[in-house]
Amino acid sequence: MYSLKDNLVPFPSWSFSWGGLEKLPFISKYMRVISLSHNFSGKQSITWNDDRDKVTQDQITKDFRPFAQVSFTFKNGITGNVQYTKTESFSQRVSYGSGKTKNTNSSLSISANYSKTGGIRLPFFKKHSMQNTLDFSLAFESSNNVQFQSSQNDIQFNDDNVVSATKNWSFKPNLKYRFSNTVTGGSYFEFGKRSDKRIGDTSVKAFGINAAISLSGQ
């Protein structure tokens, strides 16, 4: 169901995906694979007491998950994904403290990965080489969540009706390295920020390095 002002009208769910975009002339030079997808679903939940004529709550949810998603692979081996989602719910209580509540949630995520394997010649053993693998990834995520509440007489929501609001974002590069089958290591870094209407802002920073040596070669 879909809410159109004060009226409820049926609205179908749908989804579609579009592949083969790498064949388009202006991107075929760089892309090996690229696809686009989109999905929408709607739901209505009605709560009543004793019989259907005594409705106590009516809730409608609109879910774009994802609103848009792009998955891709470059010809140089880099893979990635970009996804944006959006959800909106509207709840109306008609008894036990009449009022309206609206929740909006949106998020964006971006990820990329690259892996490279090669050999290193040893200075004093020219006939031998050691295989090593380098894996690099990065991820960016952000979200925005807002809740509105109003009395039964209010028609539209505005900034004065906001009771909670949070915004988050984070960026995470990660590097992993395998030097033969016995030596592995890596490093990571993360920074971000969280903003909350009630408790204020919080920053996040983290960094780490790890290494491991297997004496048995397992």
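Among the residues making up the stretch 78-110, those that are of a type outside the set (S, T, Y) and either at pLDDT below 90 or closer than 22 Å to I46 by Cα (or both) are E88, F90, Q92, R93, V94, G97, G99, K100, K102, N103, N105.
The rows are residues; the columns are (1) in a loop (DSSP other than H, G, I, E, B); (2) surrounded by 11 or more Cβ atoms within 10 Å (Cβ to Cβ); (3) modelled with pLDDT under 80.
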| position | (1), (2), (3) |
| --- | --- |
| S3 | no, yes, yes |
| L8 | no, yes, yes |
| P12 | yes, no, yes |
| S15 | no, yes, no |
| F26 | yes, no, no |
| K29 | yes, no, no |
| Q44 | no, yes, no |
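Quick one: in the stretch 159-204, of everything that is among the hydroxyl-bearing types (S, T, Y) and under 19 Å from Q149 (Cα atoms), which residue is surrounded by the fewest Cβ atoms within 10 Å (Cβ to Cβ)? If you could, list the steps in order and put the result at the bottom.
Within the stretch 159-204, the first condition is being among the hydroxyl-bearing types (S, T, Y), and the residues that meet it are 164, 166, 170, 177, 180, 182, 184, 187-188, 195, 202-203.
Of the ones still in play, those that are also under 19 Å from Q149 (Cα atoms) are 164, 166.
Details: S164: 13, T166: 16.
For the stretch 159-204, the residue satisfying everything is S164.
Residues that are surrounded by 15 or more Cβ atoms within 10 Å (Cβ to Cβ), at pLDDT 75 or above, in a strand (DSSP E or B) and small (G, A, S) do not occur anywhere in the stretch 113-134. Can you find a residue that is more than 29 Å from I34 (Cβ to Cβ) and in contact (Cβ under 8 Å) with a residue 60 or more places away in the chain anywhere in the stretch 59-69? Scanning the stretch 59-69, I find no residue that is more than 29 Å from I34 (Cβ to Cβ) and in contact (Cβ under 8 Å) with a residue 60 or more places away in the chain, so the answer is no.
Checking the conditions here, which among V33, V55 is surrounded by fewer than 16 Cβ atoms within 10 Å (Cβ to Cβ), closer than 24 Å to T85 by Cβ and among the aliphatic types (A, V, I, L, M)? So that I can check it myself, show each step before the final result.
On the way: V55 fails: closer than 24 Å to T85 by Cβ.
Among V33, V55, only V33 is surrounded by fewer than 16 Cβ atoms within 10 Å (Cβ to Cβ), closer than 24 Å to T85 by Cβ and among the aliphatic types (A, V, I, L, M).
The values are calculated or read from the model by the stated rules, or taken from the named source; none is laboratory data. Just so you know, these numbers come straight off a predicted model, no measurement behind them. No Cβ is skipped: glycine too gets one built from the backbone with ideal geometry, and neighbour counts run over all protein chains shown.
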